[in-house]
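Take a look at the structure below.
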Amino acid sequence: LLLGGGGGGGGDEEAGYDDDNLSSTSWDVSTLGLPRELALANNRQRSSSNGGGNQGHGQRQRRSARTADPFSDVPEATCTSVDEMLVVPPSRLLVVDGGGTGVGAARAAGARGAGAPAEHSPGALGMENEDLIRAEPLKDKCLLPRRTVVIGVIVGFAILMGVALGVAIPLAQRKDGDDGNNGGGGGPSPGGGGGGSDVYPASTFNPPNSQVLTTVPDPICFSLLPVMTNISEVCTDPVVDLPKGGPTSQLIAEGLLNASDPDADIDIAIINGGAFRSDIFAGNLTAGAIRREVMPFTNNRVAYLAVTPAELYDTLNGALFDTGFLISEEQQLLFFPESPTVPLTWAYETTYPYAAGLRYDVDLNAPEGQKATNVRIRSSSVGGGDGGGAEGPTETDGGGGSTAVEDGWTLLDPTDETTLIRVLSSDYLAGGGDGYFQTVPEERIEVVDALGVTQLFLYYCSLQAELLGPHYIDGMSTRNFVPLEGYDQ
């Protein structure tokens, strides 16, 4: 952009504009920086308002406009980068003070004082061909020095790399930890203490339904109650095949205990038979078969409880309470559409307890609150917890003369309200569902939101080369069962 001196315009005779090559004979500084069309319009309007002026000068301007391009003497700008753009900083605008001749001394526009003559103010200056000058390039005039920009780019790149590594390394470590814990170990549970990996592997185990978890050499039968009912497609005679209840339910209780987080320090696992719905058939066992057929209540979360022996007796007897209420298959379909339905005959079929690390006798003819007796815990699970555990093998239960320790199982005192036993169950039962744990205070209950009951059993199955029924691993939790009189009539 250039400024030149000049007199006035040529009035109505000023017809020397050529819009294609911007060859006006007089340009006003106030049009600088405007778009081309606005600049042309502004100068046309100014030319019209200037009136007569110097006719000779106007004629010379018109001749110049007709015969030459005002920018013909200005070298073409070749901009290959931002540094080479042609600009005129405001403090460097040059004006020529010379009247109509266009010849005069150049001075910086920023140097004009407030008292400068009106005809020499920027608004009154004109531009002529011979006054055109080439503006100096915008070089080394960045808002930030180049060195600062380069350093900023390097620092920004380093930050991005640090963030990427900060995300990638923990993910790799977690994967390595999962691969290294496929043998059943793991770090602390959510909410638990201890060292090891940050997350127990079972809580992140989420196989697709098509994944084969293990192989089942022999079918494992499903039933809710011992002897009295039979829902199994494999075990056809409940008296012979199911004298102590459903092996599938027992196996799942055992699996939950064995796959539990070691840092949770679990002693026993208790679950209700109604949480399951099907036999486990021989052959390859997929995650989808477990989720859809065997354990369809996938929203149930794992819960940890600290329970006294007295509260355990209350829980077992609460689960055996005869409410007289039966839920029909139509109601099951309405309330639990994701679950296969089962025909029910007895109120305590779905609530019947199955436990790992615990044994008991059941007599359904006994008074309410006394149906579960002779409750024993595996001896390795007592003796070191709060309250001190069992005192020794000299006590008796007072009912049948049984010793306190028998074949590695320690009898629990139904009046003991001090010893605490660590229990794994579902959040539904921990909340008092089906009569379970109704006397356990909330401060001794912890729900593990990150770990589902079905998910934990899937993890257990994935650790087994073969999935075996409970008669191979430790037997059933119900040791002696007395059915309800007249049940078969």
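Details
Conditions tested, residue by residue: (1) at pLDDT below 85; (2) under 20 Å from residue 481 (Cα atoms); (3) not small (Gly, Ala, Ser).
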position	(1), (2), (3)
195	yes, no, no
214	no, no, yes
224	no, yes, yes
237	no, yes, yes
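Yes/no matrix, rows are residues, columns are (1) within 27 Å of residue 407 (Cα to Cα); (2) free of Cβ contacts under 8 Å to residues at least 24 places away in the same chain; (3) open to solvent by 30 Å² or more (accessible area, probe 1.4 Å); (4) not small (Gly, Ala, Ser):
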{"residue": "268", "(1), (2), (3), (4)": "yes, no, no, yes"}
{"residue": "276", "(1), (2), (3), (4)": "no, no, no, yes"}
{"residue": "291", "(1), (2), (3), (4)": "no, no, yes, yes"}
{"residue": "300", "(1), (2), (3), (4)": "no, no, yes, yes"}
{"residue": "324", "(1), (2), (3), (4)": "no, yes, yes, no"}
{"residue": "340", "(1), (2), (3), (4)": "no, no, yes, yes"}
{"residue": "367", "(1), (2), (3), (4)": "no, yes, yes, yes"}
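- Matching residues in the range 466-478 - criterion: being surrounded by fewer than 20 Cβ atoms within 10 Å (Cβ to Cβ) and modelled with pLDDT of 95 or more: 466
- Taking the criterion of being in contact with a Ser or Thr (Cβ under 8 Å, 6 or more places away or on another chain) and open to solvent by less than 40 Å² (accessible area, probe 1.4 Å), the residues of the range 441-461 that qualify are 448, 451, 452, 453, 454, 455, 456, 461.
- Those residues of the range 342-365 which are of a type in the set (A, V, I, L, M, F, W, C) and either open to solvent by less than 10 Å² (accessible area, probe 1.4 Å) or under 38 Å from the mean Cα position of the chain (by Cα) (or both), in sequence order: 342, 355, 356, 358, 362, 364
- Residues of the range 280-289 satisfying the condition of being in contact with a Phe, Trp or Tyr (Cβ under 9 Å, 6 or more places away or on another chain) and either farther than 18 Å from residue 224 by Cβ or at pLDDT below 95 (or both): 289
- The set of residues from the range 437-465 being acidic (Asp, Glu) and either touching a strand residue (DSSP E or B) at 6+ places or on another chain (Cβ under 7 Å) or at pLDDT below 95 (or both) comprises 446, 449.
- In the range 252-263, the residues that are assigned to a helix (DSSP H, G or I) and in contact with a strand residue (DSSP E or B) (Cβ under 6 Å, 6 or more places away or on another chain): 253, 254, 256, 257
- Residue match in the range 216-235 (condition: surrounded by fewer than 16 Cβ atoms within 10 Å (Cβ to Cβ), under 17 Å from residue 344 (Cα atoms) and over 40 Å from the mean Cα position of the chain (by Cα)): yes
- Filtered residues of the range 403-436 (kept if modelled with pLDDT under 95 and open to solvent by 30 Å² or more (accessible area, probe 1.4 Å)): 403, 405, 406, 407, 408, 434
- Residues of the range 332-372 classified as farther than 30 Å from residue 309 by Cα, assigned to a loop (DSSP other than H, G, I, E, B) and not small (Gly, Ala, Ser), total: 9
- For the range 197-212, a residue qualifies if it is modelled with pLDDT of 90 or more, of a type outside the set (A, V, I, L, M, F, W, C) and part of a loop (DSSP other than H, G, I, E, B), and the qualifying residues are 200, 206, 207, 208, 209, 210, 211.
The values are calculated or read from the model by the stated rules, or taken from the named source; none is laboratory data. Quantities reported herein were computed from a predicted structural model and do not represent experimental measurements. Glycine gets a Cβ as well: all are built from the backbone with ideal geometry, and neighbour counts include every protein chain shown. Heads up: the accessible areas ignore ligands, DNA and RNA and are worked out on the full protein's heavy atoms, side chains in. Shrake-Rupley method; radii C 1.70, N 1.55, O 1.52, S 1.80 Å.
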